[in-house]
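The values are calculated or read from the model by the stated rules, or taken from the named source; none is laboratory data. No experiment lies behind these values; they were computed from the predicted model shown. So basically every Cβ, Gly included, is an ideal-geometry build from the backbone, and we count neighbours across all protein chains shown. SASA here: full protein model, heavy atoms, side chains in, ligands and nucleic acids out. Shrake-Rupley method; radii C 1.70, N 1.55, O 1.52, S 1.80 Å.
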Amino acid sequence: TIPSIKDSSLSITITNKYFKMLGEEALVPIGQPLRTSSAGALSHGSSNNLEILSHGDEDTLEYRIKASDKTGSKPISLWHDVTLVHVDPATDRPTPYLNFVCEIPKFSRKKYEIASDEVGNFIKQDEKKGVLREFKKGDIFFNYGCLPRTWEDPTFVHPDAEGCRGDNDPVDVCEIGSKIVKTGEIRPVKILGILCMIDEGEADWKVVAIDAEDKWAPFLNDIDDVAKQLPGTLDAIREWFRTYKIPDGKPPNVFGLDEKFMDKHYALEIIKECNHAWKDLITGEKERQLEQCNDEVKGLVRRLSKSNLVDLSAVEDDEQPSF
């Protein structure tokens, strides 16, 4: 049986039997699907009871893809109101999977992303100087998105990240399943490994995962399985990220850790760190620690915590956000 969730803590100790499904023994953040979130709405452990709607005209700067509950009464932040751990909607119990929010479907090139600096964190097409961005390299060949309730802290330098700080975004995910996942769709995924990309001086971790319901999922449990069962996939992902900015006139990206994809255990540790960073962000703890940071980093953090987190202003400082 899957253990119950403690009401008073962000993390619970998983029993050995349950945690074998995740592949390690540790403290793991677990979701509370029925508890009121810090934004005043229910936390959502899956796509159940959520609706994804488009607003505005596609291919315009105003176009947004928004999530709301199916009553239409409350907008849902795909960054803050969706739990990191997937929750079975039938039982309201955590599963061995994490939630993946898709931003860019496989075989497409429009550069959609969660708007981390806008109230509600809706999905928009990225732009530069008023021009909507696409991958000039061509269509991406995997579903690309992020893990909710994670944040790559721009004040933190991971010891394996070549001296580079976090990129100020949720943790990126490359979902390698066979299905095309729509923009804004939430899927349960198995975590398989991670790649440390260095993007213009910032650490930009790339998690490799597979949809829990994909036909390949039973055969893929760690990063070595991907190399064995789907040869060439990992090299292709690395080369995509190495070269995708070259058509924009930029140099190739580089990678930490000798360009190796690290295993599931390592990936879960990075995800855990970024989840704790997210908690510090939304509780205001991170902003209280900014005095030692330079003005650029202060601006990055304050832009997030004072813009897209307006609805969290009523949270007591000592209240722990639910997962």
Residues listed by number, the stretch 251-291, amide nitrogen under 17 Å from Lys137 label point at 7 Å toward C-beta: 251-256, 259-261
To make sure I understand the rule: partners must be aspartates and glutamates, Cα under 18 Å from the Cα of Lys74, and not fewer than 8 residues away in the same chain. Which ones qualify? Glu51, Glu118, Glu185, Asp311
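List the GluC sites (Glu not before Pro) within the stretch 40-109 that DSSP assigns to loop and that have no more than 15 neighbouring Cβ atoms inside 10 Å.
Working: sites: Glu51, Glu58, Glu62, Glu103; in loops: Glu58, Glu62.
Those satisfying the criteria are Glu58, Glu62.
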Peptide ranges 83-89, 163-169 listed from the most packed, as the mean C-beta count within 10 angstrom indicates: 83-89, 163-169
Taking a point 7 angstrom from the Cα of Glu200 along the C-beta vector, which residues in the stretch 130-150 have backbone N less than 20 Å away? 130-138, 140, 145-146
Portion, in percent, of the accessible area of the stretch 89-147 that falls on carbon or sulfur, probe 1.4 Å: 49
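Among 254-261, 126-133, how do they line up by average Cβ neighbours within 10 Å per residue, starting with the highest?
On the way: 254-261: 15.9, 126-133: 10.5.
Packing proxy ranking, top to bottom: 254-261, 126-133.
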C-alpha center-to-center spacing [the stretch 179-220, the stretch 106-174] in angstrom: 13
Please compare each pair in Lys179/Lys260; Lys128/Lys190; Lys110/Lys137 to a cut-off of 22 Å on the Cα-Cα distance and tell me which ones are over it. Lys179/Lys260; Lys128/Lys190
